[in-house]
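Notes follow once the structure below has been shown.
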Amino acid sequence: MGKSHAIIMAMLIAAMSFAETISLGESGVWREESRIITLEDGTLQVKKKGYLNSVDYPRLNRAKKYTMRCKARMAPNSPKSNFAFGFIFLNDEEQSIPLSSLNAIKDSYATLAKDVKKGDKEITVKAENPKVWRAVPGFNVAFNVSKDKTDMPNRNILGGIKNVEAPAEGAQVVTLAYGAKCDLPAGSLLRIQSGYSYEVRLCYASSLDYEWKEFKGSISGVLPPGEFDGKHFPSAPEIEALKIWLSCNGSHTEAVTEIKDFVLEIE
């Protein structure tokens, strides 16, 4: 290999490994910038509890890795503060996509044993695997489903699961957390989908310290349809962009969180 060829190859490798870095450490990045004070050294001081949401939305490229990193602490004399950051998936109309529409619980298919009327809080199902049908936080009954998961992301949620009775005569009575959203005929295919929020949490600390601590979280790669673990992208084709969110101060209105060196790296 000639010297010039070696130099070109080195430049190509460097270009391929180059990470785009987006600064998140400026108050103007966030819609709720009125909650933010920028100190002389560039540190962001966030007051009041609640979320911060990015003004601009990075377009999603599933071939790349997205990493957020920063240092955070409680401001001196601040009450206890928690801290979290991550993404919210958006479609091309900048509408949020609920996680419950992306995550299908394995072996959870069932058919309705009886007709359901809108507003019913009890449904009777014949599950292929009755043990999967349980009252778990975030478990929802989905309809208009298909076993090849071509329906994903599926927003057709009949209701959340509040209680499930033991099987009797091959069927189970499922109590919904709220009334069924629509009529469904007996024989309809159902599935359990899991998720009760929109946020993909990459980092969470239930309590910060008064000393600086570094936080980091990444998401990359693509899972098969119907799978979601918060570390990889779901295959849902309608996901077009990422809204960046930041949560500070938990339940303490008077808490103050300080953040510095906050960036999003795309590589």
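Structure notes:
- Cβ-derived FRET efficiency at R0 22 Å, Y57 paired with K260, nearest 0.05: 0.40
- Most to least packed among 19-28, 150-159 [average Cβ atoms within 10 Å]: 150-159, 19-28
- Pairs of lysines in region 100-194 (C-alpha under 13 Å apart; 8 or more residues apart or interchain): 8
- Look at the Cα gyration tensor of the chain: its axes a ≥ b ≥ c give a/c of at least 1.5 with a/b at or below b/c, and that counts as oblate.
- Report note on the peptides 124-134, 185-195: ranked by the mean count of other C-beta atoms within 10 Å, highest first, their order is 185-195, 124-134.
- Local net charge near M68, Cβ-Cβ under 14 Å (Lys/Arg +1, Asp/Glu -1): +3
- Note on the chain: helix-only mean residue ellipticity at 222 nm, from DSSP H runs of 4+ residues weighted -39500 (n - 2.57) and normalised by residue number, equals -2000 deg cm²/dmol.
- Angle between the chain longest axis and helix 3-17 axis [Cα atoms, degrees, rounded to 10]: 50 degrees
- Approximating the spin labels as points 7 Å out from Cα along Cα→Cβ, the E238-to-R155 distance works out to 0.5 nm.
Every number here is computed from the coordinates shown, using simple stated rules; none is lab data. Please read all numbers here as calculations on a predicted model, not as lab measurements. Please note: Cβ atoms are built from the backbone with ideal geometry, for glycine as well, and neighbour counts cover all protein chains shown.
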